[in-house]
Amino acid sequence: MTGAPRVLVVAGTHGNERNAPWLLQQWRQRPELLQRHGLDVQLEIGNPEAFAAQRRYIERDLNRSFLPELLADPSQQGVEVQRARQLLERFGPGGPAACPVALDLHSTTAAMGNSLVVYGRRPADLALAAAIQHRLGLPIYLHEADAFQVGYLVERWPCGLVIEVGPVAQGLVTASICLQSQLSLEAALASLAEARVGRLRLPASLIVHRHCGSIDLPRNAGGDAIATLDPSLQGRDWQSLGVGDPIFALADGSRLRLGDLHADQGERSAARRWPVFINEAAYGEKGIAFSLTERQRLACDPSWTEALADLLA
């Protein structure tokens, strides 16, 4: 690769998340507002049609549309599938504007604060996440081993992660969410610039919250929810949850606790867990009231930095 490495920055992968697209529009009009750290930053609206319609998606979730088998199927010609192909053909490996790194900017209605999502344990991804956590102290959601949640955009680039900021209502732009998004993006770009010239130094370890599974609202035989999220759980993303803590409230005033889960969910409640994406508005259609994680400390391996530097060389 000649010249500055390209970094793909995507906003509006979900069309009703408006904060990152607002930032992108400002950066296009006034490039000096974004510290690019000597990198060739490619700014893209992920799902332009959904963004114009102010909808999360038109036909299917773009951020679940990057499955290789889906994209390889010529019978699949929907809006989001075609857009996934377009992004990969232009910015993916071998494309005319190939980017070794993709950063996907999202907002959420859940109280996630300023956080990172990493999919799997690719060394370059872990290096970048560790560097950002070291700079800003952001929590990291390590999403892996979930056969029901696949096809994410950043998985198809050699290195990639999601910056997730909330809470903010769908369709609403707020200054604090925009500021946090920009701070995280600039920390990522600064870390990439350091890795490019061999100056990136990682901490001895990083803290991750590893995905353990997702919990749906209790439902009756017809599929209707028979409980709501317990008020004591709302807004407690990243906070420890024990087996005796209430998670759902029924109409009669009774509560279901984490330890009351059905047998097929019992393993998830065997120890303390840390919930994330609590009551995310868009996840109701996916049967997710919140996800559970376990907190882990990972030793940073020197090979992570080397992997990231090799991509940017």
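The values are calculated or read from the model by the stated rules, or taken from the named source; none is laboratory data. What you are looking at is a predicted structure, and each value in this text was computed from that prediction instead of being measured. Cβ placement follows ideal geometry from the backbone for every residue including glycine, while neighbour counts extend to all protein chains displayed.
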(request) Identify the single condition in (1) of a type in the set (Gly, Ala, Ser); (2) at positive phi; (3) surrounded by 12 or more Cβ atoms within 10 Å (Cβ to Cβ) that GLY223 does not satisfy, given that it satisfies every other one. (result) (3)
(request) Six or more apart or on different chains, Cβ under 6 Å: which pairs go from a residue in region 151-167 that's outside the structural domain of ARG122 (by TED's automatic domain parsing) and within 16 Å of LEU185 (Cβ to Cβ) to one that's among the basic types (Lys, Arg) and surrounded by 22 or more Cβ atoms within 10 Å (Cβ to Cβ)? Could you list them? (result) none
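Looking at ALA147, ALA102, ALA110, which one is of a type outside the set (Val, Ile, Thr) and at pLDDT below 95?
Exactly one of ALA147, ALA102, ALA110 is of a type outside the set (Val, Ile, Thr) and at pLDDT below 95, namely ALA147.
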(message) When the residues of region 126-181 are narrowed to those that are under 26 Å from GLN86 (Cβ atoms) and acidic (Asp, Glu), which ends up surrounded by the most Cβ atoms within 10 Å (Cβ to Cβ)?
(response) GLU164
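Take LEU311 and tell me if it is hydrophobic (A, V, I, L, M, F, W, C), under 30 Å from LEU8 (Cα atoms) and surrounded by 17 or more Cβ atoms within 10 Å (Cβ to Cβ).
Values: hydrophobic (A, V, I, L, M, F, W, C): yes; under 30 Å from LEU8 (Cα atoms): yes; surrounded by 17 or more Cβ atoms within 10 Å (Cβ to Cβ): yes.
So LEU311 fits the description; yes.
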(request) Only residues that are in a loop (DSSP other than H, G, I, E, B) and either polar (S, T, N, Q) or within 20 Å of the chain's Cα centre (by Cα) (or both): list them for region 59-78, please. (result) ARG60, ASP61, SER65, PHE66, LEU67, SER75, GLN76, GLN77
(message) Could you go through region 28-44 and let me know if any residue there is in the same structural domain as LEU161 (by TED's automatic domain parsing), under 14 Å from VAL154 (Cα atoms), touching a Leu at 6+ places or on another chain (Cβ under 9 Å) and part of a strand (DSSP E or B).
(response) yes
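Return yes when LEU116 is modelled with pLDDT of 95 or more, surrounded by fewer than 21 Cβ atoms within 10 Å (Cβ to Cβ) and of a type in the set (A, V, I, L, M, F, W, C) and no when it is not.
Against the criterion (modelled with pLDDT of 95 or more, surrounded by fewer than 21 Cβ atoms within 10 Å (Cβ to Cβ) and of a type in the set (A, V, I, L, M, F, W, C)), LEU116 does not qualify.
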(request) Could you grab the pairs with beta carbons closer than 9 Å, sequence gap of 6+ or different chains, first residue in region 97-119 and in a strand (DSSP E or B), second one basic (Lys, Arg)? (result) VAL101/ARG6; ALA102/ARG156; SER107/ARG18
(request) Name the strands (runs of 3 or more DSSP E) wholly inside region 180-296 in which the number of residues that are without any contact (Cβ under 8 Å) to a residue 40 or more places away in the chain is 2 or more. (result) 227-229, 246-250, 255-257
(request) Considering each of ARG30, ARG18, ARG55, ARG36 in turn, give the residue that is in contact (Cβ under 8 Å) with a residue 12 or more places away in the chain, surrounded by fewer than 17 Cβ atoms within 10 Å (Cβ to Cβ) and charged (D, E, K, R). (result) ARG55
(request) Name every residue in region 56-92 that is of a type in the set (A, V, I, L, M, F, W, C) and over 21 Å from GLY171 (Cα atoms), in order of residue number. (result) PHE66, LEU67, LEU70, LEU71, ALA72, VAL81, ALA84, LEU87, LEU88, PHE91
